[in-house]
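Peer 1: The structure follows.
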Amino acid sequence: MKEYAYFPGCSLEKMAVSYHMSTRETTRKLGIKLNEIDDWNCCGATTYFYIDELLAYTLCARNLAIAEQTGLDVVAPCSACYKNMYFTVAHLKKDPDLAEHVNFALEEDNLHFTGDINVKHLIEVFCQDVGPEELKGKVTKPLTGVRVAPYYGCQIVRPQKEKEDVEQPQFFEDMLSAIGATPVNYPLKMRCCGGSLMISSRTAALSMVRNLLQCAVDSQAAVVATACPMCQVNLECYQQQVNQEFGTNFSMPILYFTQLVGLAMGIPAKKLGFGKEFVTLAPALLQPGQVVPVPD
Amino acid sequence: MEKKEKIGVYVCHCGTNIAGVVNVGEVSAWAADKLKDQGVVIARDYKFMCSSLGQELIQKDIKEMGLTRVVVAACSPHLHEKTFRNASKGAGLNPYLTELVSIREQDSWVHTDKVAATEKAKAIISGGVSRVIHHEALEPLHVPIHPDTLVVGGGIAGIQAALEIADAGFHVYLVEREPTIGGHMAQFDKTFPTLDCSACILTPKMVDAGNHPNITLLTYSEVEKVDGYVGSFTVTIRKRARGIKEADCTGCGICWEKCPKKVVDNVFEAGMGNRKAVYVPFPQAVPKYPVIDRINCTYYIKGTCKACEKFCPTNAIDFAQEDEIMNVQVGNVILATGYDPFDSRRITQYGYGRLANVFTSLEFERLCNAAGPTGGNIVLRDGKTAPQVVGIVHCVGSRDKNYNEYCSAICCMQSLKFAHLVRERTGAEVYNFYIDIRTAAKSYEEFYHRLLDEGTHFIRGKVAEISDAVRLPGEEGKLIIQVEDTLTGNQLRVPVDMAILSAGLEPRRDSKAVAKLFGISCSADGWFIERHPKLDPVATVTEGIYIAGCVQGPKDIPASVAQGAAAAARILGKIQQKEVALEPVRATVNEAQCSGCRICNNVCPFNAILFHEDKMVSEVNPALCQGCGTCVAACPAGAISGTGFSNEQILSQIDGLLFLNIPKKEAVAA
Amino acid sequence: MTVTPEPKPFEPVMIGFTCNWCSYRAADMAGTARMKYAPNVRLIRLMCSGRLDPTFVFKAFAGGADGVLVSGCHPGDCHYINQNYKALRRFHLMQRVLTQMGIEPGRLKLLWASAAEGAIFAREITKFVEEVRALGPLNWNANIGHPTADHELSSVVEGQPSTKEVTA
């Protein structure tokens, strides 16, 4: 049985609670045990590293030090949390001086960060640790005919870690195929959604979101799947504003990949956090196993 | 008391190259003083020892002081060992009694601490002096040169080399892996900067090579084994079975006309067109004999068809034909195996292989070629639509830390050529995306200006991405080239119908294996290494093996031709001399000390050590011995001595380097 | 406040064996490109790394060298086909013998360098010099001296159980 130290991250508590719910449900069905890290704190999100790098590292290292005590690898569903903690491990391992500073602070809490820990994104667990074959085996209601745009977002593979493919990764598509859906060719799948630019420079971010939505429509996707709460919120919650700003007519459902996987595994939609969307799903999509016509 | 040698030490300043770091005056004075007991009778320092005046200094001392040994401390022996040996020879001293030690590449050029560098120079000279005492007067070995030559690779460089040697009256084996000679040049449409038709200038040479009485053309063949050494190589060549009896074939072409099996031609047509299972790669192929592709031929797969055999008017088809192995004797070899284009699929953001209308340079050449898959019409992948806007991307896979750091030399000119051809044939708008415009050779810059006059848009920026994600009005159905125009500082989205990737040049995929076969070295990239990058670009460090053309590094056609001719000229010189002098660095077994254990026999990679059963001793064949010295080190009895690198010489050199040869031991560093 | 002069760092004396075709040319290339490295290594040119007789290495140590570098062509690239493999075997043997003599095996280094790898050659030499500097002077005469001297021999034997005679 696979077991991980689970770092939900701040968004999953409230804004992305459907991600949290669907994560719990699907991992349980896959036989994965997620032990939430005890007394975890915010990872610093996108901004903190630019305000004070040392404190930001310490913030992440605290979570990691607590997780180290369990001896388990960390899994984070949010791309920003994942990126921050992954690179905290990498940088502290490479820079003993930095590690010393950080550990000095952690000592106040009787904690020590050794670096002997791996950080994974939740989607990695699905795509690599579980793998498409095993996933397929657990599918009871394949999402046949559902055209899904795999939206990786920008932080999953950037900065590049070792030799991963940062231009044309296919693992998201492979996973979607495994659950019976039809992944579409989505050229902007690695483009930024604007992130926190939505707050600091609204128009710029809306324009970025608009491009992503337009491309999804052009690629004839029925739904966009994401792996990051920020992406989900930007693409879904601001769709109305995009329509107002640009005179467009978008009505594209944006779901977490775990929700789609959950549907395919036959888990009831309510338990996967459905019912909280701004852009509602076509009813047909909530009944997987039927052939769904391409939306116009 | 043993007679001491009379040693002269000469320390070169090499201008300021050595003297700027090493205190040459101090070093030569030190040598004269401290190494007196070793036999040093004179030590001089001079500005340029390799100059005629410098050499005369040595010669004068040899004659007047009766020097028996000479040590020169200057540059690398790889540069001037011969110079100083010849100088000594000129004064009547055996050249092998002269030693050149490097205090430049090994000292002054690599150290900044002048005190340490000066100390090191003293140590190096001390090592050289102790060593040279044990040198022996040697005579070089003379080996005969077989007048035949092997040229591997039938591209323009190989063809040129073969023709030059054959025209001079000597026989050449020209081996080519493909069914025809011609190489990549045969695939091109026009050549820059003259815009000559490539086939028109190449085919006369191909025909000459095919008809030449002194050239044995071995196409569809490969070299399998190379034995021997300069002057007498034995080469095993596999002539693959064409399935055609060459004596009977007239090249009429009925066989490929009638053949029902179409195959995608991934080699000559770069995957853009088809050929048949029995085919000639292109109409002007030399030799004219077709080849049956046994992988795709229905007969070899299912045992049926045989249409070619049915229709052949001269009964020249032979399905049972087998590969032929031939062994030839040659004196020298030229490797001219060319290049492979960079695989543009590796740069996934350019979309080659994923987006239909992204073409590579080789594919585009075939589009342009009148004998190509579209009859010379520049059209999109649908085979009919002419493009209205074309983008040409420079430096694909070159000048790129992620792929190849080097510049591929020809792609700028090639891209300009494409720009011109597109304009001329379609009237389309052309955009060239470049980092720098490299048009260095004769008439190249003028060609660039011609393109500027034609109205080509030049955008200085490395293309970030080619995508089909259209966004703005007017982009529908186009490919979007995303690039930063670094001269204006703007991000551009350039909608084009067709994108051409000017792919860089890479070494052949099997270049490392080929290098090993011939006993030469490859650089880390895979290009073959020349003897000297500046002064000897066509020879290799292996005597008798020469390189020409792109196999040595990316270059254009004139440079390849020049190298082919240069290699041929070198070989003709050697053939004329009828023999070549080999360095007498060899191993010799002292019979008296040999116990017949035969450890040395197995250690020799050249099988140069024979064992005499009657006398129970081993003997080294001096002609086959290459002088590596492994047997010298391996012999448990120390019965094998290596001339030029004997145990006494090296052990003395170690003593010298550690200043143990000086009676009152100098403070060794600290 | 008294000012004590900084003690001069120990400068190891080192001998390097290079092969004529690859590693010596790598050293030349480092020179032509004016790459800088530590001046402690004095090079000897052999035709091939396979020429290296272990006697040379021990002679170097006994003569006062604190470290010895053996370098040649990369496996598979030897100008004489595969003689560098012989060098590799001898290198491992020499390291064993050095250890049994009580000499740190880190004083002997094997480096493969092709003719194009001047930068690597320079970098590795500088690295090796630092490694030997950290080990300190070998002091062969004081520490190992002439092993035929009884008391020294017995100290070597006592310190190295592996040298004790094995009963038949």
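The values are calculated or read from the model by the stated rules, or taken from the named source; none is laboratory data. None of these values were measured; they are calculated from a predicted model. We place every Cβ from the backbone using ideal geometry, glycine too, and count neighbours over all the protein chains shown. The accessibility values were calculated without ligands, DNA or RNA, using every heavy atom of the protein model including side chains. Shrake-Rupley method; radii C 1.70, N 1.55, O 1.52, S 1.80 Å.
Peer 1: Loop-only trypsin sites (Lys or Arg not before Pro) in segment B:401-441, please: DSSP not H, G, I, E or B, and at most 12 other Cβ atoms within 10 Å.
Peer 2: Sparse-neighbourhood loop trypsin sites (Lys or Arg not before Pro): B:Lys401.
Peer 1: At a 1.4 Å probe, which residues in segment C:51-69 are at least 30 Å² less accessible with all protein chains present than in their chain isolated?
Peer 2: Buried by 30 Å² or more upon assembly, which counts only protein chains, are C:Arg51, C:Asp53, C:Phe56, C:Lys59, C:Gly63.
Peer 1: Follow-up. Can you give me the % of accessible surface on chain B that is carbon or sulfur? Probe 1.4 Å, all protein chains present, nothing else counted. Walk me through the intermediate numbers first.
Peer 2: Values: 14070 of 27730 Å².
On chain B, the fraction of accessible area on carbon and sulfur atoms equals 51 percent.
Peer 1: Round to the nearest 10 and report in Å² the accessible area of B:Leu452, as given by a 1.4 Å probe over the protein chains' heavy atoms.
Peer 2: 70 Å²
Peer 1: What whole number of Å gives the distance from the Cα centroid of segment C:1-25 to the Cα centroid of segment B:542-570?
Peer 2: 42 Å
Peer 1: Calculate the mean, over all residues of peptide B:527-536, of how many other protein chain Cβ atoms lie within 10 angstrom of the residue's Cβ.
Peer 2: The per-residue average across the peptide is 1.
Peer 1: Restricting to bridges with both residues inside the protein assembly as shown, how much of the DSSP beta-bridge set is antiparallel, in percent to the nearest 5?
Peer 2: 40 percent
Peer 1: Sticking with this structure for a sec: Given a 1.4 Å probe, show me the residues in segment B:631-665 buried by at least 50 Å² of accessible surface when comparing the whole protein assembly to the chain alone.
Peer 2: With the partner chains in place, segment B:631-665 has these residues losing at least 50 Å²: B:Ala633, B:Phe645, B:Ile650, B:Leu651, B:Ile654, B:Leu657, B:Leu658.
Peer 1: Too long at a 18 Å Cα-Cα cut-off: which of C:Lys59/C:Lys109; B:Lys114/C:Lys8; A:Lys141/A:Lys270; B:Lys534/B:Lys574?
Peer 2: Pairs exceeding 18 Å: B:Lys534/B:Lys574.
Peer 1: Let me ask another. Determine the principal axes of the Cα atoms in segment B:154-253, then give the extent along each, sorted from largest to smallest and rounded to whole angstroms.
Peer 2: Cα extents, longest axis first: 44, 34, 23 Å.
Peer 1: Moving on. Could you list the square roots of 5 times each eigenvalue of the Cα gyration tensor of segment B:254-311, that is, the equivalent ellipsoid semi-axes, sorted largest first and rounded to whole Å? Can you show the working numbers first?
Peer 2: Details: eigenvalues 70, 39, 16 Å².
Over the Cα atoms of segment B:254-311, the semi-axes work out to 19, 14, 9 Å.
Peer 1: Roughly what angle does helix B:77-90 make with the longest principal axis of chain B, taking Cα atoms, 0 to 90 degrees, to the nearest 10?
Peer 2: 50 degrees
Peer 1: Hey, what's segment B:308-458 come to in accessible area per residue, 1.4 Å probe, Å²? The partial results should precede the final answer.
Peer 2: Values: 6380 Å² over 151 residues.
Value returned for segment B:308-458: 42 Å² of accessible area per residue.
Peer 1: Ignore the peptide's own chain and count Cβ atoms of other chains within 10 Å of each Cβ in B:26-32; give me the average, rounded.
Peer 2: Mean shielding by partner chains, rounded to a whole number: 0.
Peer 1: Now, a different point. Quick query: amide H of B:Glu579 versus all other amide H atoms, modeled in the peptide plane; which residues come in under 5 Å with a sequence gap of 5 or more or a different chain?
Peer 2: Residues meeting the criterion, in which the H sits 1.01 Å from N, are B:Ile145.
Peer 1: Grab the other residues whose beta carbon is less than 12 angstrom from that of C:Gly31, score K and R as +1, D and E as -1, and report the net.
Peer 2: Values: positive: B:Arg104, C:Arg25, C:Arg34, C:Lys36; negative: B:Glu105, B:Asp107, C:Asp28.
Within the 12 Å Cβ shell, the charges total +1.
Peer 1: Straight-line reach only, C-alpha to C-alpha below 18 angstrom: list the aspartates and glutamates that A:Lys276 could link to, leaving out same-chain residues fewer than 8 apart.
Peer 2: Within the straight-line cut-off, A:Lys276 pairs with A:Glu13, A:Glu25, A:Glu236.
Peer 1: Any lysines with Cα under 18 Å of the B:Lys4 Cα? List them, leaving off those in the same chain fewer than 8 positions away.
Peer 2: B:Lys34, B:Lys36, B:Lys63
Peer 1: If you don't mind, there's one more thing I want to ask. Based solely on C-alpha atoms, express the radius of gyration and the Dmax of segment B:427-531 in angstrom.
Peer 2: Over segment B:427-531's Cα set, Rg and Dmax evaluate to 19.5, 60 Å.
Peer 1: Put simply, what bits of segment B:98-142 lose 20 Å² or more of accessible area when the other protein chains are there, versus the chain on its own (1.4 Å probe)?
Peer 2: B:Glu105, B:Gln106, B:Trp109, B:Val110, B:His111, B:Thr112, B:Ala116, B:Lys120
Peer 1: Using modelled amide H (1.01 Å from N, peptide plane; none on Pro or chain starts), what sits under 5 Å from the amide H of B:Ala503, excluding residues fewer than 5 places away?
Peer 2: Amide H neighbours of B:Ala503: B:Ser361, B:Leu362.
Peer 1: If you don't mind, another one. Loop only by DSSP, 14 or fewer other Cβ within 10 Å of the Cβ. Give me the chymotrypsin sites (Phe, Trp or Tyr not before Pro) in segment A:1-42 that pass, ordered by residue number.
Peer 2: none
Peer 1: For segment B:340-506, give the share of DSSP beta bridges that are antiparallel, in percent and rounded to the nearest 5; count only bridges with both residues there. Show your work: numbers first, answer last.
Peer 2: Numbers: 12 of 30 bridges.
Antiparallel bridges: around 40 percent, rounded to the nearest 5.
Peer 1: Follow-up question, since we're still on this one. For segment B:340-506, build the convex hull from the C-alpha positions and give me its volume per residue in Å³. Before the final figure, lay out each step's value.
Peer 2: Values: hull volume 20.1 nm³, N = 167.
Given the Cα convex hull of segment B:340-506, per-residue volume reads 120 Å³.
Peer 1: I would also like to ask the following. Roughly how many Å² of B:Lys516 are accessible to a 1.4 Å probe, to the nearest 10?
Peer 2: Its accessible surface works out to 130 Å², give or take rounding.
Peer 1: Chains B and A: what accessible area do they bury, summed, in square angstrom to the nearest 100, with a 1.4 Å probe?
Peer 2: Interface between B and A: roughly 800 Å².
Peer 1: Another one. Between the alpha-carbon centers of segment B:350-385 and segment A:54-78, tell me the distance in whole angstrom.
Peer 2: With segment B:350-385 and segment A:54-78 each reduced to a Cα centre, they are spaced 53 Å.
Peer 1: What ³J(HN,Hα) values, in whole Hz, does the Karplus curve 6.51 cos²θ - 1.76 cosθ + 1.60 give for segment B:624-638 when θ = phi - 60°, with x put for Gly and Pro?
Peer 2: 7, 5, 9, x, 5, x, 4, 5, 4, 6, 7, 5, x, 8, x
Peer 1: Using a cut-off of 19 Å between alpha-carbon atoms, which lysines can reach B:Lys512, once sequence neighbours fewer than 8 places away in the same chain are excluded?
Peer 2: B:Lys225
Peer 1: With a 1.4 Å probe and all protein chains left in place, how much of the accessible area of segment A:141-284 comes from carbon and sulfur atoms, in whole percent?
Peer 2: C and S fraction of accessible area: 51 percent.
Peer 1: Ignoring everything but the protein chains, give the 1.4 Å probe accessible area of A:Ser79 in square angstrom, nearest 10.
Peer 2: Spelled out: A:Ser79, probe radius 1.4 Å, area about 0 Å².
Peer 1: Compute for chains C and B the buried accessible surface, both sides summed, probe 1.4 Å, and express it in Å² to the nearest 100.
Peer 2: That pair hides around 4300 Å² of surface in total.
Peer 1: I've got another one for you. Mind listing the Cα extents of the protein assembly as shown along all three principal axes, in Å, largest one first?
Peer 2: Largest to smallest, the principal-axis extents are 110, 99, 69 Å.
Peer 1: What ranking do B:657-663, B:560-566 get when scored by the average of other Cβ atoms within 10 Å per residue, highest first?
Peer 2: B:560-566, B:657-663
Peer 1: Whole-Hz ³J(HN,Hα) for each residue in segment B:338-354, computed from phi via Karplus 6.51 cos²θ - 1.76 cosθ + 1.60 with θ = phi - 60°, x for glycine and proline: what do you get?
Peer 2: x, 9, 10, x, 4, 7, 5, 5, 5, 9, 5, 6, 8, x, 5, x, 10
Peer 1: According to the Kirkwood expression over distinct Cα-Cα pairs, how big is the hydrodynamic radius of chain B, in Å?
Peer 2: It works out to 29.2 Å.
Peer 1: Treating the beta-carbon of each Lys and Arg as +1 and of each Asp and Glu as -1, no other charges, what is the dipole magnitude of segment B:254-311 about its Cα centre, to the nearest 20 debye?
Peer 2: Dipole size: approximately 240 debye.
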